[in-house]
Amino acid sequence: VQLQASGGGLVQAGGSLRLSCAASERTFSAYIMGWFRQAPGKEREFVVGINQNGGSTKYADSVKGRFIISRDNAKNMVYLQMNSLKPEDTAVYFCAATPDLFYISTSSTRWSYWGQGTQVTVSS
């Protein structure tokens, strides 16, 4: 699976951004999809995941209530709507996919495929 993330940029605190991830895989609907982020000097951390049909999601506590993940299986796309952005959200955001059938893992080691990352910078 090849993943291409886009939509990052510079935004002021309190603003919004929408990230997109395009997957080049005709069996896209078989994959759990997610977003991770990595700030300078920090480990990559789980942000959010969504199951195959979009009926189940898991959010990191730090983004719960502010970020929304969605997917469009007909278009092989996953989206991350980020609202009420904070300076601490500044990071490179990575789209990820896993063929795990039943469980949205927060561990990066359980995810098999990664996009190239898109930079999100939130100014105070």
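No lab work stands behind these numbers, since they all come straight from the coordinates. Values in this document were obtained by computation on a predicted structure and should not be read as measured data. Positions of Cβ are backbone-derived with ideal geometry, glycine not excepted, and every protein chain shown enters the neighbour counts.
Some values worked out for this structure:
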{"item": "Selected residue (only one of Leu85, Leu80 is touching a residue at least 40 places away in the same chain (Cβ under 8 Å), within 23 Å of Thr121 (Cα to Cα) and under 12 Å from the mean Cα position of the chain (by Cα))", "result": "Leu80"}
{"item": "Test: Asp61 is exposed (fewer than 15 other Cβ atoms within 10 Å of the Cβ) and under 16 Å from Ala97 (Cβ atoms)", "result": "no"}
{"item": "Residues of segment 67-124 satisfying the condition of being part of a loop (DSSP other than H, G, I, E, B) and of a type in the set (Lys, Arg)", "result": "Lys75, Lys86"}
